[in-house]
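Okay, structure first, notes after.
The values are calculated or read from the model by the stated rules, or taken from the named source; none is laboratory data. Computed from a predicted model, the values in this text were never measured in an experiment. Positions of Cβ are generated from backbone atoms using ideal geometry, with glycine treated the same way; all protein chains shown enter the neighbour counts. Accessible surface areas use protein heavy atoms only, side chains included; no ligands, DNA or RNA. Shrake-Rupley method; radii C 1.70, N 1.55, O 1.52, S 1.80 Å.
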Amino acid sequence: MTKVIAITGKGGTGKTAVAALMIRYLSKKGKFLLAVDADADTNLPETLGCENVKTVGDAKESLQVEIKKPRPDNPDMNKESILKSKVYEIIEEMPGYDLLVMGRPEGTGCYCYVNNLLRGIMDKLIVNYDIVVIDAEAGLEHFSRKILRDIDDLIVVTDASRRGFQTAERIRELVSELDSNVGRIHVIANKVTDANRQEIVKLAGDLKLNLIGVIPLDPKIEEMDIKGIPLFEIPDDSVAAVEIEKIVQKLGL
C-alpha cells in the first residue's frame, strides 16, 4: 500500500526544508518515492537540486487549449489519455526518487473538467510508489480541491512561536470541516532552541497537538541556503537530519 505524507504550515516555518530532508532520508533507505511539489510558490525542486522542471500546470494549460479545438475528424479523442501522457512526460527521474511539480494555480476560466481528469490520473499514478511526500500549500485549498484525495499523515510544520501553533490548530479544525480523507495529523516544531524547547513542548500539550518532532535550529541549513547548496547534500550528522530520521521512524516508514 502506498503511504501518502503531506507537509504543510504557514510561510517561513521551513516546511519545504522539512519535506526535502524527509525525501532525502527516505530515498537513501531505498524506498520507491514520489516527491510532489504542490505549493504554488515552487521551492522544492531548487531545495532538492533539480532545476528547470516542467509542471502539471503547464500540462493542464495545454490540455485546456486542446479541449477548445473543434475535432470533427475525431470527436471522441480520449482527453484523459492526452493529459496522462503529458503528466508522465513531466515527471523528473532523480537519483533515488521521482519529482512531480504541480505548478501555479490556473488563470481565468473553468478547469473543473481538467481537474477531474487529473484526480483520476493521480490516483493511478501514486499506487506505483511506496511513499508519496507532498510539499503542500500553506493553506488547505489544495486539499479542498481534492486533486490528491487520500492523505495518510498530514504534518503541520510550525516555528517556535505561539502564532505558528495556532496555525496548526486551525489547520486541524479545517481538515475536520472539509471532511478530507486525512488519517493522522502531526506537528513538527522547527528552528527550536534550547531556551524555548520546554515551552514549545508544553504549548503543544496544552493545545492537544500531536508533536511528533522538535527540530533544533540548524546553522548548517542556513549556511547551505546562503551558498545555494541543495539540502540533499546536508551531512548525515547535522542536527536537523538526525531529528528527521527519528520523525520518519515514528511515522513507521
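So what's the back-of-envelope 222 nm ellipticity for the chain, counting only DSSP H runs of four-plus at -39500 (n - 2.57) apiece and dividing by all residues, rounded to 500? Kindly include the intermediate steps, with their values, before the conclusion.
Working: 10 runs with 112 residues, N = 253.
When only DSSP H runs of four or more count, the value is -13500 deg cm²/dmol.
Its Cα gyration tensor gives segment 168-241 an equivalent ellipsoid, and the semi-axes of that ellipsoid, as √(5λ) in whole Å with the largest first, are 29, 17, 10.
For the chain, the relative contact order comes to 28 percent (Cα pairs under 8 Å, sequence separation of at least 6). Here r is the Cβ-Cβ distance between residue 208 and residue 93 and R0 is 35 Å; the resulting FRET efficiency, rounded to 0.05, is 0.25. Surface composition of the chain: carbon plus sulfur atoms contribute 48% of the solvent-accessible area (1.4 Å probe, protein chains only, all chains present).
Solvent-accessible area of residue 44, all protein chains in place: 0 Å² (probe radius 1.4 Å, heavy atoms, ligands and nucleic acids excluded).
Per residue, the accessible area of the chain comes to 49 Å², computed with a 1.4 Å probe over protein heavy atoms only.
Can you tell me what share of the DSSP beta bridges in the chain is antiparallel? A percent to the nearest 5 is fine. Mind showing how you got there, number by number?
Details: 3 of 34 bridges.
If we restrict to bridges inside the chain, about 10 percent are antiparallel.
Computed over the chain with a Gaussian network model linking Cα atoms closer than 10 Å, the most mobile of 88, 97, 25 is 88.
Probe radius 1.4 Å, ligands and nucleic acids left out: which of 94, 1 has the largest accessible area, and how do the rest follow? Each step should come with its number before you reach the end.
On the way: 94 45, 1 215 Å².
I get 1, 94, largest accessible area first.
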